[in-house]
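The values are calculated or read from the model by the stated rules, or taken from the named source; none is laboratory data. As the structure is a computational prediction, the values presented were derived from the model and not from experiment. Here the Cβ positions follow ideal geometry from the backbone for every residue, glycine too, while neighbour counts run over all protein chains shown.
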């Protein structure tokens, strides 16, 4: 019944990659520019929060463009795993309670992109 949809696999992968990147970049812009506005601005960025914001913006842009997708996704996968265990897991065992469910989802989407590649509409396809 759904076999015909397999022809759209590259476009579906591109949609996953692009939407993930846009959501990920938003985390970085919130840290650096307080956009979208947050109830708790981050302030001093000369620490791990600044590094996280830089990775979220730069890595997110690479993923968005589909440029060096596999290595960027690999680095971001590891970054999200570290972020989860450093910032979220100590607060509670359950991801819904420690607010780490987004970090886990980002980690596994980036792991998938590492294995699957960028899909359609990527600059990697032109290299």
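If you check residue 53 against the conditions, is it within 11 Å of the chain's Cα centre (by Cα), free of Cβ contacts under 8 Å to residues at least 40 places away in the same chain and either crowded, with 16+ Cβ neighbours inside 10 Å or within 19 Å of residue 115 (Cβ to Cβ) (or both)?
no
Tell me the helices (runs of 4 or more DSSP H) entirely within segment 1-98 that contain at least 1 residues that are closer than 29 Å to residue 124 by Cα, at pLDDT 95 or above and touching a helix residue (DSSP H, G or I) at 6+ places or on another chain (Cβ under 6 Å).
Fully inside segment 1-98 and qualifying: 9-33, 48-65, 69-83.
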